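Values in this text are rule-based calculations from the coordinates and carry no lab data. These numbers were taken from a predicted model, which means no experiment stands behind them. Glycine gets a Cβ as well: all are built from the backbone with ideal geometry, and neighbour counts include every protein chain shown.
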Amino acid sequence: MSVDAAERAAVRPVRTSAPARRALRRAAPALALFAAARLTGVLAVALCSWYVGKNPLARLGDTWDSLWYTGIAAHGYGHRTLTFPDGVTQSDLAFFPLYPALIKAVTTVAPLSGGAAGLLIAWTAAAAAACGIYLIADRLYGRRTATALVVLWALLPHSVVLTMAYTEPVLIAFAAWSLYAVFGGRWLWAGALAALAGLARPNGIAVAAAVGAAAAYALWTHRKHSARLPWRIWAGAALAPLGWAGFVLWVGAREGDLLGGYFAVQDRWSSRFDFGAGTLRFTRHLLLAPEVLPFPMVLVIVAAALVLFALLLLDDRVRPPLPLLVYTTVLVLITVGGSGFFESKARFLLPAFPLLLPLAHAMTKARPRSAIVVTAALAGLSLSYGTYLVTIGPVPL
C-alpha cells in the first residue's frame, strides 16, 4: 500500500455536511424504507405468532435476554440467578445497565409494562440508529450509497433484533451518532455518546476504541502543525471508555475482584475471549454433525461477515476512515474471538454496519433491475428467517 493510500485509509477527508435539518430531509426516503422493512417484519411476526397461538408482544418484548433486562429494571441487580447442578451460577451482573435504566425511567412516567417499555425504547433507538448510519454514509460516500446501506442493514437475516426488546438498537444508535460526531469534530459529544454506548453492551467498547484512535490521530496531526493541542480532543478521548470501564469495575468491586470480577461473571456464562478457539471448535462440530437451522445459518453469516471485512479493507472505493475501521475491527474480533453462545454471533454483528459498505456501493453501480431483485431476495430471507427465529426457533437469539 502506498503512503498516500495509507493516509486515506487512516482519515478520509470528508466534505462539509449540510445542516442537520437538511441532512435529515435528505435521509427521509432511506428512513421510510427502513421503517417499511422493519414494520413489515413486525407484522410477519405478529401473524405467525397468532397462527401458532402465541402473543406477538410477548415474543418481541418478553423473551430470552429481554426477561433479564426487565427484571433488572424492576428489581435491580442481584434479583435473578440461574444455578446449575454443577454449582455454576449465572447472574444478572453480566448485563450492562443502560437499557434497564431506560426501561425503569419509562415505566416510572408511563403506564407501560417492562416489555412494552423495552420495545418502545428499542424501536426509537433503531430509528435513531438508522438516521446516524445514513448521515455517516452520506457524508463519506454520498446519498445513494447511504440509502443502500440503510436498506441493507434493515434487511439483514437477523435484523428482527432491531424490533425486539434487546440492547442492540440502543448500542447502535449511540455508536452511530458518536462516530458522526467524530467526523464533525465534536469531540465532547463523541466521547459522551461513546460512554453511553459502553454502558449499553459489552461490545460497546468498540465505540470507545474508535473515538480513542481518532483522537490520537487528530492530536498527532495537530502536533505537527501547532504546539497547542485542543483540550476537547483529550476530553472526548477520556470520556469515551468511562461507561464500559465504570460498569466493569463496579461489578468487580461487588464480586470482590476489582479487575477480574466482571470477567469471572461472564466466564460463568461460558462467555470469554479465547482468540477464536471456541468458534473453531463449534464450527468443526457443525461440519461433522447436524444441528438445528440457526446454528448453520449463523456460521454462514459469520463467514460472510469475514468476506465483507476483507473487501472493506481491500477496496479503495469504500475503505473507511480510521474511526469506522477501528470500530468494525473491534466488533469483528469480539464476535469471532469470543466463545460461547454461537447462536448469538449474528446478533453481535448487527452493530458492524460498515461491513455492508462494499455491498451498498456495488448496488449503486448495478442496474436498477438487478438491485431490485437483490433487495427483494434479501427482504424475503429477512422476513421469513426473522419470523422463524422469534416465533418457532428452538434456540434463543
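Quick notes on this structure:
- Full-stretch length increase - Leu112, Ile372 - with 0.36 nm per residue and alpha-carbon distance subtracted: 89.6 nm
- Once the gyration tensor of the Cα atoms in region 257-397 is diagonalised, the equivalent ellipsoid follows with semi-axes of 29, 22, 13 Å, ordered largest first.
- Under 13 Å from the Cα of Lys54 - aspartates and glutamates, other chains or at least 8 residues apart: Asp62
- For the pair His222 and Val307, the difference between a 0.36 nm per residue extended length and the Cα-Cα distance amounts to 27.0 nm.
- In loop segments of region 43-146 as defined by DSSP, there are no chymotrypsin sites (Phe, Trp or Tyr not before Pro) with at most 10 further C-beta atoms inside 10 Å of their C-beta.
- Each residue, Asp315 and His79, gets one label point 7 Å from its Cα in the Cβ direction; the gap between the two is 4.6 nm.
- Qualifying chymotrypsin sites (Phe, Trp or Tyr not before Pro) for region 274-357 [loop in DSSP, other Cβ within 10 Å: at most 15]: Phe275
- From the coordinates shown, Rg/Rh (Cα atoms, Kirkwood Rh) corresponds to which of [x] 1.02; [y] 0.93; [z] 0.96: [z]
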